[in-house]
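These notes concern the structure reproduced below.
Please treat every number below as a calculation from the coordinates, not as lab data. No experiment lies behind these values; they were computed from the predicted model shown. Counting neighbours? That spans all protein chains shown, and the Cβs are built from the backbone with ideal geometry, glycine included.
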Amino acid sequence: MSDYNNSIETFFYKGEITVELSKPKGMITLKGDLERSNINAGVIKTLELPMPKVRTISRKDGVQISWMAPDELLILVDFKKVEKYIELLEKNLKGEHYLLANVSDARAIFNLKGKGVREVLSKGTPVNMETIKIDDARRSRLGQLPVAFWMVKNTEVELVCFRSVTEFIFNWLKVASAPNSLPRYID
Amino acid sequence: MLVILCPYCGVEAEETELTAGGEAHLERFGPSSSDSEFENYLFMRKNEKGITFERWHHTYGCGKWFHAARCSMTMEIFGTYPAQTSKPPKKLISMIKKKRPEWGEGK
């Protein structure tokens, strides 16, 4: 995997909300029949977390499972421990039909903080942000690009996009959160 | 603007989150079929005025294909159901018949 320590660019902006590119996180995509008890149990055993309900996340101590589709999970762990977790998952899912991929280098995570996060995202996504509660996750789009995001706190959102479009998404968020640009409709 | 419920992730998805996939429940005619059957399968679509069954793809969401029953005239969505079927569910059909007694199941 890439060594981000020296090469990483800083993406930081403070307008109506704070937009910041998160430090590299370990990301694993798991595809498989999540209804199968062996797969379900294997994931729970490895990550020591409950299986997230539809369109939610479950998280504890820096480990997170995000629901992406009926047959797909995005698992977030410490960047340095990805390989270890993949090994563990492979061991606990042995004999099952599944796919594991290390996508840490393929995705970027933005951290959005501030009272107006819902309104900033509302400018580009068709999701009704008023209905999104803490620990809710949605896979949707921002402008014309696919993104996924989840509510960490009432004023904090983590947004995942493809790493190749990091700069575009950052600039988009920058414009969308320019000072005095929010309608102040939600809250 | 259509708002369609994705039966897989339960999202009331708005039209721009979805991709239309054309007529649903097509029967495939492969290599052993006659030319006219194959042509029919490839090109001929019903394009009905009234109740249609169509395929939709939740592109900017869970990425699953599903089916929807829609009225092409009033844009009313009667219901959606997973794509692992070759016929619309009976429940949905009886619901549509109740709402539109004049409908003859597309015949």
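Applying the criterion of being hydrophobic (A, V, I, L, M, F, W, C) and without any contact (Cβ under 8 Å) to a residue 40 or more places away in the chain to the residues of region B:58-82, the residue that is surrounded by the fewest Cβ atoms within 10 Å (Cβ to Cβ) is B:MET73. Comparison of B:GLY21, B:GLY30 shows that the only residue that is among the small types (Gly, Ala, Ser), assigned to a loop (DSSP other than H, G, I, E, B) and away from chain A (no Cβ under 14 Å) is B:GLY30. Of the residues examined, A:ASN154 is not one that is touching a residue at least 60 places away in the same chain (Cβ under 8 Å) and exposed (fewer than 14 other Cβ atoms within 10 Å of the Cβ).
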